Amino acid sequence: VRTRWGGLLIIPFMISAALLLGSQIVFLRQSFFVDLSFGRQSVDWGLANYARILSDPYYLRTLWLTTYISLAVAAACIGLGFPIAKVLARQRSRWTTFLLTTIVLTSFITTVIQIFGLIIIFRADGPVNSALLALGLIERPFALVGTPGGVIIGLVYASFGFGVMLMYGVVRTIPVTLDEAAAVHGATRLRTLTRVVLPLSLPGLIVGFLTIFNTSMGAFTSAALLGGGRVITLPVLIQRTMLLDVKYGMAGALAALLLLFVVVLNFASVAILRRFRSARLVTV
Amino acid sequence: MSAFADHRPASRGLAARALHAARRLRTPRVRLVTIVTVAYFVAIFTILLAPLVVVIGGSFSAPASEKVVMSYVQFPPERWTLEWYGKIPQAQLRALGVSFLLGAAVAAGACLLGVPAAVGLVRGRFAAKPVVSAVMRAPLQIPHVVAGIAFLQLFYAIGDFGGMYVQGTTLGLFIGHLFMATPFVIGSVAAVLQRCNPRLEEAAYVLGASEWRTFRRVTMPLIIPGVFTGALYAFIVSFVDVPVAIFLASPAATTFPVELFNAMEQDFNPSSLASASLAAGFAIVLVFMAQRLLGLDNLLKPRTK
């Protein structure tokens, strides 16, 4: 039977390709021109913007800061989220649906609202700081705005729900019968976890780590609001260079580097998943 | 919650199972594991939901003094009031309306592009499929800030050469959000369609239904849960987005998150908590309704792909 379903693709593909190429080509082209004042650009093109980013300590520090914050965020989301995902995927109770829906909810509410609440909670005389001061854990109130720690907390809020949803999907693909087999053969719960469930979810955890790391590298909202102009990550720098300094070329070059970084990491995570899949370790 | 479900003796009655569970609970080790698990869940979900609770609670609290700054929102409220809801600035209400309509338009547009694209990608047979698929899913890979700056520069370029200015208009926002949202519809529809048997469509076609009739009467009813899930995600991508809209918005056309973002950076006023609560309340209703109508598995899918 010959139906022409492929033909359905023509119009959507043309529109998607036009948007993709149009947007990407324009800013990538701009990134090869040096900025003059008032948003004008040089006539000759070259790699000057890229050379500047890779040699100027200010830009290098920003790159390092963004990487380090994103690593911390990915580690926190995976580490704190895995127990939640594992229990929700394995234990069925009438709470499961409600809790998972709540997890979905956190990614359906704009980060700005979450940050609103966080700032109120973490104010100098707020509940968190009062408790920590009373316990003697800190000497001065912890400032959420303008510290890397604050940005990390904000980004964890932005990615946590996504991480749990992803790991929940991973644990669900591991057959329960494997856990049961381990238990029948005398493994304790802890041993079942460390020798069966964890090794089998490892590829999913690696992919989750890389995805959250990637998202955090490009995350703008929490970083902008909690950085408070003092902690400037790459996405915030891109926005400032574009809108405040009106340097289209430089902003384009920074964005191009971010894009390159993210795309390379995505390919790496796809390659990792494929290797595990070809070894029949996952069925995702 | 955890001790009841696993190691369930198969094919025994409810009473036997309850006895079994009770016996397990009595051993101190298992009880400790259960207590630790429950405590961990309570802690994490409290931390996770605290900001939301504070925002919604704070929006009902009367100010301690006339001149309030953000750090002095009363929580928990000492005196309850609805006055902030009456004082929501006109600009924020308008932005909320813009966000709502824009999200609906983006969801509709993403379905118009994404549904045929998904059907073509899953059912079509042609050589260039990997390339076409990669192009159509590429926006998922692009960080939102990069998409924002890219569309702003594209719109400037179109303005310079074509004399058509779309930056700072709702049309510009629509184009940027459509670009980010379409892959979610493609993903969720393709996921559903891959599980459906193509023979169903072939049968209709062989029996004389036209291609359009086959699509409308056979394919469409099969993929409709995927379409709704995709539309929901498309709406949400647009409704919560800051990084794309911050480049493409203007005072004439601003979305709600951007308006809130600006309010936070400049003049804070607890009426922003009230408008934020309205948006959050809407999201809460939307998610729980979607969970009822579409099922949890559908709801979790697009993000886990």
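Remark: A:I153 matches the filter, which requires a residue to be closer than 23 Å to B:L49 by Cα, in a helix (DSSP H, G or I) and under 19 Å from the mean Cα position of the chain (by Cα).
Checking each residue in the range A:55-95 for being loosely packed, with under 13 Cβ neighbours inside 10 Å and not aromatic (F, W, Y) picks out A:S55, A:D56, A:P57, A:L60, A:R61, A:G79, A:R94.
Does A:R230 satisfy being under 24 Å from A:F261 (Cβ atoms), among the charged types (D, E, K, R) and surrounded by fewer than 17 Cβ atoms within 10 Å (Cβ to Cβ)?
Working: under 24 Å from A:F261 (Cβ atoms): yes; among the charged types (D, E, K, R): yes; surrounded by fewer than 17 Cβ atoms within 10 Å (Cβ to Cβ): yes.
Spelling it out, A:R230 is indeed under 24 Å from A:F261 (Cβ atoms), among the charged types (D, E, K, R) and surrounded by fewer than 17 Cβ atoms within 10 Å (Cβ to Cβ).
Scanning the range A:181-192 for residues that are within 11 Å of chain B (Cβ to nearest Cβ) and not charged (D, E, K, R), which turns out least open to solvent (accessible area, probe 1.4 Å)?
So in the range A:181-192, the residues within 11 Å of chain B (Cβ to nearest Cβ) come out as A:183-184, A:188-190, A:192.
Okay, now just the ones that are also not charged (D, E, K, R), so A:183-184, A:188, A:190, A:192.
Values: A:A183: 33, A:V184: 120, A:T188: 70, A:L190: 115, A:T192: 15 Å².
Checked the range A:181-192; the qualifying residue least open to solvent (accessible area, probe 1.4 Å) is A:T192.
Contact annotation: no residue pair with Cβ atoms under 6 Å, 6 or more positions apart or on different chains, pairs a residue in the range A:50-62 that is more than 15 Å from A:A251 (Cβ to Cβ) with a partner that is open to solvent by 80 Å² or more (accessible area, probe 1.4 Å) and not hydroxyl-bearing (S, T, Y).
Quick one: which residue in A:L244, A:L260, A:L226, A:L265 is closer than 20 Å to B:A147 by Cβ, of a type outside the set (F, W, Y) and at pLDDT 90 or above?
Values: A:L244 fails: at pLDDT 90 or above; A:L226 fails: closer than 20 Å to B:A147 by Cβ; A:L265 fails: at pLDDT 90 or above.
None of the other options fit; the residue is A:L260.
Against the list (1) open to solvent by 10 Å² or more (accessible area, probe 1.4 Å); (2) touching a residue at least 60 places away in the same chain (Cβ under 8 Å); (3) assigned to a helix (DSSP H, G or I); (4) not charged (D, E, K, R), the condition A:L178 fails is (2). Can you tell me which residue in the range B:71-86 is nearest to the other protein chains (Cβ to nearest Cβ), limited to those that are open to solvent by 70 Å² or more (accessible area, probe 1.4 Å), at pLDDT 70 or above and outside any helix (DSSP H, G or I)? This residue is B:P76. Mind checking whether some residue in the range A:38-48 is more than 12 Å from every other protein chain (Cβ to nearest Cβ), of a type in the set (A, V, I, L, M) and part of a helix (DSSP H, G or I)? Among the residues of the range A:38-48, at least one is more than 12 Å from every other protein chain (Cβ to nearest Cβ), of a type in the set (A, V, I, L, M) and part of a helix (DSSP H, G or I), which makes the answer yes.
Listed here are the residues, each with its yes/no results for (1) facing another protein chain (nearest Cβ under 7 Å); (2) within 25 Å of the chain's Cα centre (by Cα); (3) open to solvent by 20 Å² or more (accessible area, probe 1.4 Å); (4) within 29 Å of B:T34 (Cα to Cα).
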residue	(1), (2), (3), (4)
A:L100	yes, yes, no, yes
A:V104	yes, yes, no, yes
A:F122	no, yes, yes, no
A:I138	no, no, yes, no
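B:I186 - would you say it is within 11 Å of another protein chain (Cβ to nearest Cβ) and open to solvent by less than 20 Å² (accessible area, probe 1.4 Å)?
On the way: within 11 Å of another protein chain (Cβ to nearest Cβ): yes; open to solvent by less than 20 Å² (accessible area, probe 1.4 Å): yes.
Judged against the criteria, B:I186 is a match.
For the range A:71-98, the set of residues classified as more than 7 Å from chain B (Cβ to nearest Cβ) and among the small types (G, A, S) consists of A:A72, A:A74, A:A75, A:A76, A:G79, A:G81, A:A85, A:A89, listed by residue number. Beta carbons closer than 7 Å, at least 6 apart along the sequence or on distinct chains, pair a first residue in the range A:4-28 that is of a type outside the set (D, E, K, R) and modelled with pLDDT under 90 with a second that is open to solvent by 30 Å² or more (accessible area, probe 1.4 Å) and outside any helix (DSSP H, G or I) for A:G6/B:R125; A:G6/B:F126.
Total residues in the range B:212-262 satisfying the condition of being facing chain A (nearest Cβ under 10 Å) and over 29 Å from B:G97 (Cβ atoms): the figure is 3.
Considering B:A209, B:A150, the condition of being touching a helix residue (DSSP H, G or I) at 6+ places or on another chain (Cβ under 6 Å) and without any contact (Cβ under 8 Å) to a residue 12 or more places away in the chain is satisfied by B:A150 alone.
Selection of the range A:182-214 for residues being free of Cβ contacts under 8 Å to residues at least 12 places away in the same chain and among the small types (G, A, S) yields A:A183, A:G186, A:A187. Of everything in the range B:121-169 that is more than 10 Å from chain A (Cβ to nearest Cβ) and surrounded by 19 or more Cβ atoms within 10 Å (Cβ to Cβ), the residue that is farthest from B:D241 (Cα to Cα) is B:V166. The single residue among A:G146, A:G169 that is open to solvent by less than 60 Å² (accessible area, probe 1.4 Å) and at positive phi turns out to be A:G146. Within the range A:238-272, the set of residues being under 23 Å from A:V145 (Cα atoms), open to solvent by 10 Å² or more (accessible area, probe 1.4 Å) and under 21 Å from the mean Cα position of the chain (by Cα) comprises A:Q239, A:R240.
Being open to solvent by 30 Å² or more (accessible area, probe 1.4 Å) and either over 17 Å from B:I149 (Cα atoms) or in contact with a Lys or Arg (Cβ under 6 Å, 6 or more places away or on another chain) (or both) is the filter here; which residues of the range B:170-183 pass it? Outline the logic, then answer.
Initially, the range B:170-183 is screened for residues open to solvent by 30 Å² or more (accessible area, probe 1.4 Å), giving B:170-171, B:174-175.
Selection gives nothing.
Return the residues of the range A:228-247 that are part of a helix (DSSP H, G or I) and in contact with a helix residue (DSSP H, G or I) (Cβ under 8 Å, 6 or more places away or on another chain); say none if nothing qualifies. Spell out the reasoning first.
Here is the first cut: in the range A:228-247, the residues part of a helix (DSSP H, G or I) are A:234-243.
Answer for the range A:228-247, where residues must be part of a helix (DSSP H, G or I) and in contact with a helix residue (DSSP H, G or I) (Cβ under 8 Å, 6 or more places away or on another chain): A:L234, A:P235, A:V236, A:L237, A:I238, A:Q239, A:T241, A:M242, A:L243.
The values are calculated or read from the model by the stated rules, or taken from the named source; none is laboratory data. Computed from a prediction, not measured in an experiment: that's the story for all the values here. We place every Cβ from the backbone using ideal geometry, glycine too, and count neighbours over all the protein chains shown. Please note that ligands, DNA and RNA were not included when accessible areas were found on the heavy atoms of the full protein model with its side chains. Shrake-Rupley method; radii C 1.70, N 1.55, O 1.52, S 1.80 Å.
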